[in-house]
Amino acid sequence: MEMSEAFTFELHHYRLKKQTGFEGIVGPFGKVITIRPGSRILGRKDPPEAELRLQGANMPEARYRSDSFHPLSLENSSLFIDGTQAELDFNRRAFRNKSRALMISFRERSYTYTVVRTDRTFVLERPDVNVTLDRAKTTTGRSWKYVGTASDGADPVDLALAIVLKEVDTSPLTSIGAASAALNAVLTPRRDEPGGYSD
């Protein structure tokens with residue numbers, strides 16, 4: 001499997017009529033794009049499929065499926081890389097962010113995915129390799145981008161995992177996010193009927 005020397009890259013948001021996501025040139029692995037169905041339409045009986053896909057000529061195909069469309073959820077979800085499922089788990093009872101990190105097992109590899117700053121910095125690590133994504137505003141200040149850093153030895157699987165997971169709601173991986181979600185569940189019970197929202 002092709003590996004790389006350390007490099008940086010950027011992912012920018014795009015929006016089309018029927019899909020949305022992020023795209024960018026990821027160092028030696030070329031163009032990468034994530035694809036999600038367009039926003040749910042108010043009154044629509046069937047919500048869009050809660051799935052995110054990653055594509056790139058030099059990247060493995062990745063599919064993340066969730067029971068929640070907006071945002072994609074860590075709960076009741078599945079992640080497949082080139083057809084092989086990655087196992088996802090985290091300690092829901094831990095207090096510190098590092099202790100709540102997402103543990104990922106894929107084939108012979110074990111990863112740790114940590115939220116360093118809530119919704120701002122995301123770090124994927126395996127022995128001797130890491131990929132960091134920082135959320136930042138574009139030069140116009142009207143939209144968001146992600147600035148990525150990949151260490152020596154990072155390969156397409158590492159990049160695919162890091163890029164896919166940054167589009168998932170990772171607030172449960174932080175103590176603040178978990179507390180907020182618990183409070184919202186009490187104050188705002190989930191409705192059975194679909195609501196109207198956009199991304």
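The values are calculated or read from the model by the stated rules, or taken from the named source; none is laboratory data. Everything numeric in this text was worked out from a predicted model, so none of it was measured. Virtual Cβ from ideal backbone geometry, glycine too; neighbours counted across all protein chains shown. Side chains included, ligands, DNA and RNA excluded: accessible areas come from the protein's heavy atoms. Shrake-Rupley method; radii C 1.70, N 1.55, O 1.52, S 1.80 Å.
Residues that are open to solvent by 100 Å² or more (accessible area, probe 1.4 Å) and part of a strand (DSSP E or B) were ranked within the stretch 9-25; the one that is farthest from I163 (Cα to Cα) is R15. Scanning the stretch 120-156 for residues that are of a type in the set (D, E, K, R) and either open to solvent by 70 Å² or more (accessible area, probe 1.4 Å) or over 21 Å from L102 (Cβ atoms) (or both) yields R120, E125, D128, K137, R142, K145, D152. Of all residues in the stretch 128-155, those that are touching a residue at least 12 places away in the same chain (Cβ under 8 Å), more than 18 Å from the chain's Cα centre (by Cα) and at negative phi total 4. Checking each residue in the stretch 85-119 for being open to solvent by 60 Å² or more (accessible area, probe 1.4 Å) and modelled with pLDDT of 85 or more picks out Q85, E87, D89, M103, R107, E108, S110.
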